[in-house]
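Participant: Got a structure for you, written out below as structure tokens; questions coming shortly.
The values are calculated or read from the model by the stated rules, or taken from the named source; none is laboratory data. Everything numeric in this text was worked out from a predicted model, so none of it was measured. Note that each Cβ is placed from the backbone with ideal geometry, even for glycine, and that neighbours are counted across all protein chains shown.
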Amino acid sequence: MKRFFSIPLVRGLVWFVVGLLAGAAIVTGIRAVMGLELFGTRGFTEPAWVFGGFVATLSFLAGHGVMSDWFKVWRGEEVSEHHEDPEGWLKYLGPSLDHKVIGIQYTITALLLLVVGGVFALIFRTELAFEGMQFLSMDQYNTLMSLHGMVMIVSILLGIAGLMNYLVPLLIGAQDMAFPRLNAFSYWIAVPAAILLLMSMPLGGVETGWTGYPPLSASLNKLGQQMFFLGVFVAGWSSILGGLNLIVTVVRMRAKGMVAFRMPIFAWASIATSLISLTATQLIGLSFQLVMFQRLFGMGFFDPAKGGNPVLFQHLFWFYSHPAVYVFILPGLGIISELLPVFARKPLFGYRWIAMSSLGIALVGFLVWAHHMFTSGMNEYLRVPFMYSTLLVAVPTGVKFFSWVGTIWRGKLQTSTPMLFVLGGIVVFLMGGLSGPPNATVSTDLHLHDTYWIVGHFHDTMFGGFVFPFFAALYFWFPKATGRRMNEKLGQLHFWLMTPSFFVLTLGMMRIGLLGMRRRIADYDPALGFEMSHIVLTIAAFLIALSVLIFLINLVQSIRNGEVATGNVWNSRSPEWQVPSPMPAHNYDQPFEVVGEPYDYGLAGSKYVEFIASAKSKH
Amino acid sequence: MTHTQDKSAAFGLGVVIFIYLAVLTALEFFVAVTFEAISILVVIALVKAALVMYYYMHIYQLNAENEGDENSYAFKTGTNRFGLWLFLLSDAFVFGGLLVMRFNLLAMTRPHLNQTLGLIVTAVLLISSFFMNRGETAMAHGDRKGFLRNTAITFVLGFIFLIGVVFVEWRLAAEEGLVASFGNTSVGPQGAVFYMMTGMHAFHVFTGLIFLALVWNNARKGSFSAERHWGVEAATIYWHFVDLVWIFFYPALYLIGKLS
Amino acid sequence: MRHFVIVGILVIVTAILTYVGLDSVGLLPVEASAQAVSIDWLWNWQVVAISFLFSLIVVPMAYSLVVFRRRKGDTTDAEHIEGNTTLEIAWTVVPLIIVVIFAYMGAYSLGEIKRVDPDAVVIKVKAQQFQWTFEYPEYGIISTELHLPVNQQVVLKMEAVDVIHSFWVPEFRIKQDVVPGRVTEYRVTPNLVGLYKVRCAELCGSGHAVMEGLVVVSEEVNYEKWLAEQQAIAAAAQTPEGQGKLLVVKNGCGGCHSITSTPLPSAPTWFGLFGSNVELADGSTVVADDAFLTESIVDPTAKEVKGFSPSTMPPYVLTEEEVANIIAYIKTLK
């Protein structure tokens, strides 16, 4: 029992509960002194729950031990630069500083949340299959639908953080991230964030969708809304600090000879992504914080009755939340660019253009947010300039597509599982990309906005830009992390089950959306005749879930029983494949020097990296 | 140039910059009360910000060549410095968002506030930045006593600022009818905007004070030297950043716009 | 070169097939307003562009995948082609021109939609959870149905009471949010007689899915007839229940309280309510008599009905007589 409680994660969770109660008790005590109501419908009052959740987050981190080194530094004590992890799987539950361990922690958490969010989707998808309400109330539907959105977003943020954490230091030849302790902190703060987010369900639910627009989100009958905001706010810090760490790592820690245009394309994509998450995330944090304060203190930021402006929230919110979709997809597009040359055995077509297009998308992405607000009643003169800026995003995105086609053209492709997911990702993302411009031109958007067309469109971009490349990356780098391969047959089955089902799902969504199906509705008008479509969509959704289940079984099985693969499985030029798998604890024993272009496949005798024989890495 | 001359030159520069900043603040106030020229106020704020960022926060050091290999203190300080500046960039977006909110909700009006008090707290924060600069300069030249003395003064001034805003200014504002509207529907958004902006800034001042206290305590124990004092540098940059934010918040809340 | 010619032909063929396929599926609902014409015109061009670009990317990929695929036993690398700057510039500049053209077309069709007819009929729209209410100020009519004359521009001046809603009639194509604290405008010229529905397109709470209202587009004569009927009904409604019904429409009570046999999710139904036994949250039951209904209208939290949250009911300012009239109306709902 004592050993059980010495596991950092368990200790953190215990402290979480203690912190929650302590925080709530403090506020309740203050309320007692002020003569206010002590208890609400959900036990504590709303301020008590919010403050409790906040204290719980901090006490989770303190109890877990991820901040111990900082406490020492603050007291003026020396901390060791050297950090050894315990053997075995226990290190994944503790405050490890190794970027590879943290990367895997992120990835596993992302997969867990993917399952949670997916189950939510299956539940309300089943409800939608038939007209009328069968087993959910409309309130429960709204809660599941809202949390599906936000849980998936957090899952994606953790997923990309997992990929970037694991891969970027390996790809650029660093021993670790620039700030290993901050790195561990960024991961572990996401754990209480996820708990807070899910706590909103038993505490009354969320009825606003993931966007949380006031005044609806400010109406006081839903306490869950507050936990939702708090959870997202905390998760935002994970994203901000992770992005900061990554930029510093890429800028400061590259191997000798790795000039900007010899960086792996994934490093470029990570930089572009991190620039957005570093800066724009603050705005969603701020906008949610303002709604929280509006609820707690009656401050009327977005309350028209108090001189506030509900549309202001939408501006602040979308200033993050549109660039955020580029946060989700840019790393995935980087993975596609990274893997294509390996499997086509050809250089990446137009390397510099692809690298620059990532930055282009990220920067233009800051100027397009109001295209989510064409119908919102904002100043009308803003609509046309935002239409132009939004359509402009198509240009760097197009450069990526054409360059990928250029890479595939005349390439000797072989379709093992990672490549299948890359190709699937390209086609799915293409559909997402092509269904975008109609939403960007104001007049057609007036019809398309807030319909199922939009739902289909963004699921295409999220799957093409993140889910497919994410799976590709997991299949591709699994041998690097474990020294074993994932089962190829199950991998192929996963792909061939998921892809067609997904096409049916999103194309079906787009079709009924155009015909008048609104998004976020718990039930639909029988007069529209959508029942058959919804039954098909539901079946497709279950097939996708089945394919992911196959993937998870494959993953667990292969960790123990996969075919042993310690060498350069994919015959890649990238440095991490030049050393045996699994990667040793402190990365490269010998530092390497970049001596060539990263993707010069097909050029006889060329090399990307060369290990410096005389030198020995210090760690 | 000898070591002492170098040090007194650095102190001298700190004084000159402080005088510039003080004059600009006075000019700002004068411009605001005599003619409503927002563009001039914006330019003055930008000039002040540039002075603080260059001479007090030493932003140019981001560009410095780092000697030594990846494991040297100098290299690591360079990495840390870059990280800290990125953090400040990120944080600046919060304050930028608050400014957007202020101009969206209040447009060209401003809340009823006590001008004298506003000028006093602004001056206090500015003077604290001056002493912070002296403290850091002292430490950079190995003068631990000088650092402790100047940082203690900074801490006290920062504390006065915090008291001045949260305990005096908030109370006076509430008496002027500027309430955050606890359930009161008749008031405009002035109160909400004012308390949110000053509150968020005060929270940063508060964390800055904790930071200063930790660094002061570690310096007392002798953890820092002329060569190794990243902690001091970080606390200094953070403290100046808090001042930098106020350079924009002060005109936004006190000077720009007509009284509502 | 041979490969490029084949791919070129395949791209064009696929693009045409895709376009014809999409076009024949019937992607959009019936076109029922003048504004829809310019939207559908732009939409059609977008489908053309989508079909072409989809083929332009997918066909070469598929072709390469089949024709240049790795043959059995081949372990060599492919040809070393690093890139082509001319091509890259071309596929940066050409799409740039295309998007600028589309943006121009978008602005043009937006201009068409916003074209103002000075003689437009003004109708006031009130949106609240979960009810649309329409007021014809010139005629003093308030209704939960929107009746519109065909081929005549109307401008809806819309205001929300509680949260953000969005006015959308799919057949009219356009959509406009209705925001508390401001008036938004919705300009439309219906050009096809028929029955449609306005559907709230912005999530507005638990009953969002059922926030729909009937939209009737009719010939001028029928429209006038309806207006006259409504005026007559309003004038004739001197009975308490008639007054009550008007109050219910005006205050949008029907958004949450069902007045038909189908219940709504967020509040107790009024259908057959009077005289029935109501189960309360604390487990007791109470008979829905005049006293109970009066109390519940004035202070919804006094007795909490099981399964509903009374705090969601907005405060209404009603005189004693008005409350009595509403109850008189409720009595008629059986």
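Participant: Give the residues of the stretch C:27-54 that are over 26 Å from C:Gly111 (Cα atoms) and more than 8 Å from chain A (Cβ to nearest Cβ), sorted by residue number.
Facilitator: The answer is C:Ser51, C:Phe52.
Participant: Turning to a different aspect of this structure: Having 3 or more residues that are away from chain A (no Cβ under 13 Å), in contact (Cβ under 8 Å) with a residue 24 or more places away in the chain and out of contact with any Phe, Trp or Tyr (no Cβ under 6 Å at 6 or more places or on another chain) is the bar; report the strands (runs of 3 or more DSSP E) wholly within the stretch C:55-155 that clear it.
Facilitator: Per the criteria, C:121-128, C:131-136.
Participant: Could you tell me whether C:Leu214 is more than 9 Å from chain A (Cβ to nearest Cβ), part of a strand (DSSP E or B) and either without any contact (Cβ under 8 Å) to a residue 40 or more places away in the chain or not basic (Lys, Arg) (or both)?
Facilitator: On the way: more than 9 Å from chain A (Cβ to nearest Cβ): yes; part of a strand (DSSP E or B): yes; either without any contact (Cβ under 8 Å) to a residue 40 or more places away in the chain or not basic (Lys, Arg) (or both): yes.
Yes; evaluated as a whole, the condition is true for this residue.
Participant: Let me ask another. In the stretch A:228-237, is there at least one residue being under 29 Å from A:Gly360 (Cβ atoms) and within 13 Å of chain B (Cβ to nearest Cβ)? Walk me through how you get there before you give the answer.
Facilitator: Start the filter on the stretch A:228-237 by keeping residues that are under 29 Å from A:Gly360 (Cβ atoms), which leaves A:232, A:235-237.
Checking the rest, the ones that are also within 13 Å of chain B (Cβ to nearest Cβ) come to A:236-237.
Yes, some residue in the stretch A:228-237 is under 29 Å from A:Gly360 (Cβ atoms) and within 13 Å of chain B (Cβ to nearest Cβ).
Participant: Look at C:Leu246 and say whether it is hydrophobic (A, V, I, L, M, F, W, C), surrounded by fewer than 23 Cβ atoms within 10 Å (Cβ to Cβ), touching a strand residue (DSSP E or B) at 6+ places or on another chain (Cβ under 9 Å) and not in a helix (DSSP H, G or I).
Facilitator: On the way: hydrophobic (A, V, I, L, M, F, W, C): yes; surrounded by fewer than 23 Cβ atoms within 10 Å (Cβ to Cβ): yes; touching a strand residue (DSSP E or B) at 6+ places or on another chain (Cβ under 9 Å): yes; not in a helix (DSSP H, G or I): no.
No.
Participant: Determine if the stretch B:165-182 includes at least one residue that is of a type in the set (Ser, Thr, Tyr), within 13 Å of chain A (Cβ to nearest Cβ) and surrounded by fewer than 22 Cβ atoms within 10 Å (Cβ to Cβ). Break it down stepwise before answering.
Facilitator: Looking only at the stretch B:165-182, we keep the residues that are of a type in the set (Ser, Thr, Tyr), and these are B:181.
Right, trim to within 13 Å of chain A (Cβ to nearest Cβ) and you get B:181.
Those left that are additionally surrounded by fewer than 22 Cβ atoms within 10 Å (Cβ to Cβ): none.
No; the residues of the stretch B:165-182 include none that is of a type in the set (Ser, Thr, Tyr), within 13 Å of chain A (Cβ to nearest Cβ) and surrounded by fewer than 22 Cβ atoms within 10 Å (Cβ to Cβ).
Participant: Would you mind telling me which numbered condition in (1) under 21 Å from C:Phe172 (Cβ atoms); (2) part of a helix (DSSP H, G or I) C:Gly254 fails?
Facilitator: Of (1) under 21 Å from C:Phe172 (Cβ atoms); (2) part of a helix (DSSP H, G or I), only one is false for C:Gly254: (1).
Participant: What's the number of the only condition in (1) modelled with pLDDT of 90 or more; (2) closer than 28 Å to A:Thr208 by Cα; (3) within 14 Å of chain C (Cβ to nearest Cβ) that A:Pro304 fails to meet?
Facilitator: Going through the list (1) modelled with pLDDT of 90 or more; (2) closer than 28 Å to A:Thr208 by Cα; (3) within 14 Å of chain C (Cβ to nearest Cβ), A:Pro304 breaks only (1).
Participant: Could you give me the residue pairs with C-beta distances under 9 Å whose first residue belongs to the stretch C:171-189 and is more than 7 Å from chain A (Cβ to nearest Cβ) and under 10 Å from C:Val125 (Cβ atoms), whose second residue is surrounded by 21 or more Cβ atoms within 10 Å (Cβ to Cβ) and of a type in the set (D, E, K, R) wherever it lies, and which are 6+ apart or on separate chains?
Facilitator: Sorted first by the residue in the stretch C:171-189, then by its partner, the pairs are C:Val178/C:Glu202; C:Tyr186/C:Lys175.
Participant: Kindly provide the set of residues from the stretch A:384-396 that are crowded, with 22+ Cβ neighbours inside 10 Å and more than 7 Å from chain C (Cβ to nearest Cβ), ordered by number.
Facilitator: A:Thr390, A:Val393, A:Pro396
Participant: Moving on to the next point. Being of a type outside the set (S, T, N, Q), more than 10 Å from chain C (Cβ to nearest Cβ) and within 15 Å of A:Leu198 (Cα to Cα) is the filter here; which residues of the stretch A:124-156 pass it?
Facilitator: Answer for the stretch A:124-156, where residues must be of a type outside the set (S, T, N, Q), more than 10 Å from chain C (Cβ to nearest Cβ) and within 15 Å of A:Leu198 (Cα to Cα): A:Leu144, A:Leu147, A:His148, A:Gly149, A:Met150, A:Val151, A:Met152, A:Ile153, A:Val154.
Participant: What number of residues within the stretch C:158-168 are within 9 Å of chain A (Cβ to nearest Cβ) and assigned to a loop (DSSP other than H, G, I, E, B)?
Facilitator: 3
Okay, residues lined up against (1) within 9 Å of chain C (Cβ to nearest Cβ); (2) at pLDDT below 90:
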| position | (1), (2) |
| --- | --- |
| A:Leu330 | no, no |
| A:Ile336 | no, no |
| A:Leu348 | yes, no |
| A:Met356 | no, no |
| A:Met373 | yes, no |
| A:Tyr381 | no, yes |
| A:Lys400 | no, no |
| A:Ser403 | yes, no |
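Participant: Moving to a separate point now. Given the structure, is A:Leu197 assigned by TED's automatic domain parsing to the domain that holds A:Ala545 and either closer than 30 Å to A:Pro575 by Cβ or assigned to a loop (DSSP other than H, G, I, E, B) (or both)?
Facilitator: Details: assigned by TED's automatic domain parsing to the domain that holds A:Ala545: yes; either closer than 30 Å to A:Pro575 by Cβ or assigned to a loop (DSSP other than H, G, I, E, B) (or both): no.
No.
Participant: Can you say whether A:Thr279 is under 19 Å from the mean Cα position of the chain (by Cα), without any contact (Cβ under 8 Å) to a residue 24 or more places away in the chain and under 17 Å from A:Val327 (Cβ atoms), as far as the supplied structure shows? Before the answer, list the steps.
Facilitator: Working: under 19 Å from the mean Cα position of the chain (by Cα): yes; without any contact (Cβ under 8 Å) to a residue 24 or more places away in the chain: yes; under 17 Å from A:Val327 (Cβ atoms): yes.
In short, yes.
Participant: Against the definition (at pLDDT 85 or above, out of contact with any His (no Cβ under 8 Å at 6 or more places or on another chain) and within 14 Å of chain B (Cβ to nearest Cβ)), how does A:Phe51 come out, yes or no?
Facilitator: Values: at pLDDT 85 or above: yes; out of contact with any His (no Cβ under 8 Å at 6 or more places or on another chain): yes; within 14 Å of chain B (Cβ to nearest Cβ): no.
The answer is no for A:Phe51.
Participant: Pull out all pairs, ordered by first then second residue, where Cβ-Cβ is under 6 Å, the residues are six or more apart or on different chains, the first lies in the stretch A:519-536 and is among the hydroxyl-bearing types (Ser, Thr, Tyr) and part of a loop (DSSP other than H, G, I, E, B), and the second is modelled with pLDDT under 95 and buried (at least 21 other Cβ atoms within 10 Å of the Cβ).
Facilitator: Hits for this filter: A:Tyr524/A:Phe530.
Participant: Could you grab the pairs with beta carbons closer than 7 Å, sequence gap of 6+ or different chains, first residue in the stretch B:4-33 and under 16 Å from B:Pro251 (Cβ atoms), second one among the β-branched types (Val, Ile, Thr)?
Facilitator: So the pair list comes out as B:Leu24/B:Ile44; B:Leu24/B:Val47; B:Thr25/B:Thr122; B:Leu27/B:Ile44; B:Glu28/B:Ile44; B:Val31/B:Ile40.
Participant: Tell me the residue from A:Leu58, A:Leu9, A:Leu38, A:Leu21 that is touching a helix residue (DSSP H, G or I) at 6+ places or on another chain (Cβ under 6 Å), surrounded by fewer than 20 Cβ atoms within 10 Å (Cβ to Cβ) and closer than 30 Å to A:Ser219 by Cα, please.
Facilitator: Within the list A:Leu58, A:Leu9, A:Leu38, A:Leu21, the selection yields A:Leu38.
Participant: Run down B:Lys76, B:Lys48 and say which single residue is surrounded by 14 or more Cβ atoms within 10 Å (Cβ to Cβ), of a type in the set (D, E, K, R) and modelled with pLDDT of 90 or more. Talk me through it step by step, then tell me what you get.
Facilitator: Working: B:Lys76 fails: modelled with pLDDT of 90 or more.
Answer to the selection: B:Lys48.
Participant: Could you list all residues from the stretch C:2-52 that are in a helix (DSSP H, G or I) and in contact with a Leu (Cβ under 6 Å, 6 or more places away or on another chain)? Walk me through how you get there before you give the answer.
Facilitator: First pass over the stretch C:2-52, keeping only residues in a helix (DSSP H, G or I): C:2-25, C:34-52.
Hits for the stretch C:2-52 are C:Val11, C:Val47, C:Ile50.
Participant: So which of A:Glu593, A:Glu610, A:Glu531 ends up being under 15 Å from A:Leu171 (Cα atoms), acidic (Asp, Glu) and modelled with pLDDT of 90 or more?
Facilitator: A:Glu593
Participant: With A:Leu359, A:Leu340, A:Leu367, A:Leu330 as the choices, which residue is of a type outside the set (D, E, K, R), within 30 Å of A:Pro598 (Cα to Cα) and surrounded by fewer than 24 Cβ atoms within 10 Å (Cβ to Cβ)? Break it down into steps so the answer makes sense when it comes.
Facilitator: Values: A:Leu340 fails: surrounded by fewer than 24 Cβ atoms within 10 Å (Cβ to Cβ); A:Leu367 fails: within 30 Å of A:Pro598 (Cα to Cα); A:Leu330 fails: surrounded by fewer than 24 Cβ atoms within 10 Å (Cβ to Cβ).
After ruling out the rest, the residue left standing is A:Leu359.
Participant: To continue, here is another question. Quick check: is even one residue across the stretch B:80-94 more than 18 Å from the chain's Cα centre (by Cα), among the small types (Gly, Ala, Ser), within 27 Å of A:Val251 (Cα to Cα) and not in a helix (DSSP H, G or I)?
Facilitator: no
Participant: Restricting the stretch A:251-296 to residues that are among the charged types (D, E, K, R) and over 28 Å from B:Gly191 (Cβ atoms), which is farthest from the other protein chains (Cβ to nearest Cβ)? So that I can check it myself, show each step before the final result.
Facilitator: Taking the stretch A:251-296 first, the residues among the charged types (D, E, K, R) are A:252, A:254, A:256, A:262, A:295.
With the extra rule that they be over 28 Å from B:Gly191 (Cβ atoms), the set shrinks to A:252, A:254, A:256, A:262.
Values: A:Arg252: 5, A:Arg254: 11, A:Lys256: 10, A:Arg262: 13 Å.
Result: A:Arg262.
Participant: Return the pairs, sorted by first residue and then second, in which the second residue is at pLDDT 95 or above and among the basic types (Lys, Arg), the first residue lies in the stretch A:1-20 and is not assigned by TED's automatic domain parsing to the domain that holds A:His64, the beta carbons are less than 8 Å apart, and the residues are 6+ apart or on different chains.
Facilitator: Sorted first by the residue in the stretch A:1-20, then by its partner, the list stays empty.
Participant: Only residues that are of a type in the set (Val, Ile, Thr) and more than 30 Å from A:Ala267 (Cα to Cα): list them for the stretch A:293-350, please. Show your work before the answer.
Facilitator: From the stretch A:293-350, those of a type in the set (Val, Ile, Thr) are A:311, A:325, A:327, A:329, A:335-336, A:342; that's our starting set.
Selection gives A:Val311 alone.
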